[in-house]
Amino acid sequence: MKPFKVRLRFHGDLNVFLRSEAGDAVIERPLAEKTSIKDVIESCGVPHPEVDLILVNDHAVDFDYTLVNNANVEVFPVETRDTALAEKRLQLIGTTRFVVDGHLGGLARNLRLLGFDVAYLKNADDLQLLEIMIRENRALLTRDRRLLMHGIVQHGYYPRSQNADEQTIEVVRRFDLSKLIAPFTRCLRCNSLLEEATKAQVIDRLEPLTKIYYNQFRRCPDCKQIYWSGSHFAKLQKRIEEIRSRI
Ligand SMILES: [Zn+2]
């Protein structure tokens, strides 16, 4: 087979993944055998779950498209989504179920605070994360780029920021979740949906002042954690408002 050249241009913030080839968002790859577009894109450092639209010589293609000749490739992230080529988009938005890497505990907690269904095990290894992702049909959130490139990952996201609140805003935007936020509906500790509890049901577990000042309670049916609108609640409320105001 005659060697050929593929010229890839990465749009939006996909350049954060590029192995700084002069900081340019354009990369040339010489190829000597037929290669899938997905492999070429990932060889540039961009995980496939970050890619929402691929144009090869101006035609939209899927990840299994095979390159055999010289080609110009345009690669777009989810953020540039508009109505154009809607049916050719490769990523799912609107997912509310996630599995979160053990290094992103703050993000996991924030997403639960907003009411989203988050599997999180602090010490889960890569294999466990992938198993939970497949078994429970969740999108993977991780800053481990290699893990995100694993062939069985369908939907996922690499938070750009190292800050949990910023990461939360990124995830809400990426998966278009702003209308689905339901604060204080899920247990921050174990992810179960909270249920209303009467004061009588929880009174023997309350501190003296809490007994006096609060009348409305929620309880986790699984880990039995009790929630009420105390000072901690006010802080969480503030955090939710800050996140919401920036989405
Ligand atoms: Zn719980």
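Bear in mind these aren't lab numbers, they're just calculated from the coordinates by the rules spelled out. On a predicted model such as this, the values are computed, not experimentally measured, just so you know. Glycine gets a Cβ as well: all are built from the backbone with ideal geometry, and neighbour counts include every protein chain shown.
General remarks:
- Scanning the stretch 199-229 for residues that are more than 27 Å from Leu177 (Cα to Cα), more than 16 Å from the ligand (Cβ to nearest atom) and assigned to a loop (DSSP other than H, G, I, E, B) gives Leu206, Glu207, Tyr214, Asn215, Gln216.
- Taking first residues from the stretch 220-242 that are free of Cβ contacts under 8 Å to residues at least 40 places away in the same chain and on the phi < 0 side of the Ramachandran plot and partners that are surrounded by 15 or more Cβ atoms within 10 Å (Cβ to Cβ) and in a helix (DSSP H, G or I), the Cβ contacts under 8 Å between residues at least 6 apart in sequence or on separate chains come to Ile226/Val202; Trp228/Thr210; Gly230/Thr210.
- Residues satisfying the stated conditions in the stretch 182-198, i.e. farther than 12 Å from Trp228 by Cβ and within 15 Å of the ligand (Cβ to nearest atom): Thr185, Arg186, Cys187, Leu188, Arg189, Cys190, Asn191, Ser192, Leu193, Glu195
- Residues located in the stretch 169-193, provided they are basic (Lys, Arg) and within 23 Å of Pro221 (Cα to Cα): Arg186, Arg189
- Strands (runs of 3 or more DSSP E) lying entirely in the stretch 1-105 (those with 1 or more residues that are of a type in the set (Phe, Trp, Tyr), crowded, with 16+ Cβ neighbours inside 10 Å and in contact (Cβ under 8 Å) with a residue 40 or more places away in the chain): 4-10, 71-76, 97-100
- Set side by side, the residues Cys190, Cys220 differ, and just one is touching a Cys at 6+ places or on another chain (Cβ under 9 Å) and either closer than 15 Å to Ala108 by Cβ or surrounded by fewer than 16 Cβ atoms within 10 Å (Cβ to Cβ) (or both), which is Cys190.
- Failed condition for Arg174, given (1) surrounded by 15 or more Cβ atoms within 10 Å (Cβ to Cβ); (2) without any contact (Cβ under 8 Å) to a residue 40 or more places away in the chain; (3) of a type in the set (Lys, Arg): (2)
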